[in-house]
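Where a number appears in this text, it was derived from the coordinates with a stated rule and is not lab data. Quick caveat: nothing in here was measured; it's all calculated off a predicted structure. As a convention, Cβ positions derive from the backbone with ideal geometry for all residues, glycine included, and neighbour counts pool all protein chains shown.
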């Protein structure tokens, strides 16, 4: 509807329903009452509507591809967890492996008594792996042919075709933000605030905005801080410092690690927006190199 009205030359404001409690908490709520309230708010100050911007139709179509892939991945994960759980309840621990190779390792480890019940699920997992792989190829093709900015985003460690394309499709234009740091609240990664008088408690993130983008950024942050990441960077060092020291088992405090992941995800969002806006590749030790350049110049 917003696209259609815009094509006819109207100025269109799409209100953010999360910001309009006066409407959805109204005890006499109806379409007529809602329309009148929206008109009054827009006449007083359109910014009170906290208007949101709908993405273009081509990007919406490509985003549907990413969301379909995510649905398949989540379904595959659910099936794998079910197979592992049923096998474990029978005293069998299936070998550790990636989701892409689970269907190859599981059949040989399953007890004969459980194969009639679980083998159809393993076969379904194998089929889902093929479907996910086909989506991955299509996503790589889209990145190369339609979204050249993803090449800049992928220069950052932990950001692949899926995350870079998702970021490009959801953000659309980095110039929409007055400051690069505004992309953090846009993804719902900024902390909430409930200051009153002398009380200013530390709260969790808002979780507003696009949940899909937030999940992608958190996944990238987990990889950056994880043991599988072999590439060092200032972002990784900063995040590990927030996560605190490791215990005798080589693990961080769970609470501190979660905070570090969110902080790295928020900083990564700002970094990706800055790289996209400036059109430059990622330098993992940018601050270090800048300090060295300043010393040489001095």
Taking max minus min of the Cα coordinates of the chain on each principal axis, largest first, gives extents in Å of 70, 65, 51
Within a 10 angstrom radius of the beta carbon, how do 44, 110 rank from fewest other beta carbons to most? 44, 110
Pick out which of 142, 272, 79 has the largest mean-square fluctuation in a Gaussian network model of the chain, springs linking Cα atoms closer than 10 Å. 79
With bins 10 Å wide starting at 0, give me the P(r) of the stretch 201-240 over every alpha carbon pair, in whole percents. 25, 40, 32, 3
Subtract the Cα-Cα distance of residue 215 and residue 178 from 0.36 nm times their separation in residues, and report this length gain in nm to one decimal. 11.0 nm
Candidates 149, 138, 57: whichever shows maximal mean-square fluctuation once the chain is modelled as a Gaussian network with Cα springs under 10 Å: 57
In nanometres, what is the gap between the two model label sites at residue 27 and residue 254, each 7 Å from Cα along Cα-to-Cβ? 4.4 nm
Could you give the radius of gyration (one decimal) and Dmax (whole number) of the Cα atoms in the stretch 145-244, in Å? 15.6, 55
Residue-averaged 222 nm ellipticity for the chain, from DSSP H runs of 4+ at -39500 (n - 2.57), nearest 500: -19000 deg cm²/dmol
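Given the stretch 1-97, report the % of alpha carbon pairs whose separation exceeds 23 Å.
Working: 2615 of 4656 pairs.
Value for the stretch 1-97 (Cα pairs over 23 Å): 56 percent.
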Once you've got the GNM for the chain with C-alpha springs shorter than 10 Å, pick whichever of 259, 55, 43 has the biggest mean-square fluctuation. 43
Quote the relative contact order of the chain in percent (integer), defining contacts as alpha-carbon pairs under 8 Å separated by 6+ residues. 14 percent
